[in-house]
Amino acid sequence: MAQNDNYVDILVDILDKQLTVLEEVLRITKQQEEIANASAFDEQAFDETLMHKDVCIAKLNEYDNAFVSVYDRVKNAVKGDTEKYADKISVIQTLIRRCTDLGNEISTLEVRNKDKIAICFTNKKQEYSAKQTAATVANKYNTTMKNVNLMGERYRFNQDK
């Protein structure tokens, strides 16, 4: 029985950790929104937020797996003695609701950010394309000018004869 109490405490601890990580993911997602709304898109800052978010998501996956594993061990005992675990069950339900609410808030922000980021990437692609076009035009101009100079030299050479 004491072991089941420990398992229930572990479930609460895991959910607390998940909540902390979800709050961090929300903070990062808001930071990504600020980057997307900025007049100049900062690719490096955006990449850093993506890497940090990947680490957080990996932690969330670990916590999810741990929660399921521990819950599978204790679910029969908790369901069999709901009065004994009523307080802990209430805490767990509250934490799950908070995690779900944060997850929904993050999802909503992600949908908004996706469109903004897509626009930023399209603009960057157009900038790169314009720079590439300008470089190509400059290269062709230089080539043409070299050819004109060569033709001028040949023309003068032929006149001197």
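Pairs over the 28 Å Cα-Cα cut-off, from the set Lys59/Lys84; Lys30/Lys59; Lys17/Lys116: Lys59/Lys84; Lys17/Lys116. Approximating the spin labels as points 7 Å out from Cα along Cα→Cβ, the Ile96-to-Ala45 distance works out to 3.9 nm.
Restricting the range 1-76 to trypsin sites (Lys or Arg not before Pro) that sit in a DSSP loop and have at most 15 other Cβ atoms within 10 Å of their own Cβ leaves nothing. Applying 1/(1 + (r/R0)^6) with r as the Cβ-Cβ distance of Asp13 and Thr136 and R0 = 41 angstrom yields a FRET efficiency of 0.10.
Sort Ile89, Ile14 so the one with the fewest other Cβ atoms within 10 Å of its own Cβ comes first.
Going from sparsest to densest Cβ surroundings: Ile89, Ile14.
Taken together, the values in this text are just the output of simple stated rules run on the coordinates, not laboratory data. Note that the structure is a prediction, hence the values are computed from the model and not measured. Every residue, glycine as well, gets a Cβ built from its backbone with ideal geometry; the counts of neighbours run over all protein chains shown.
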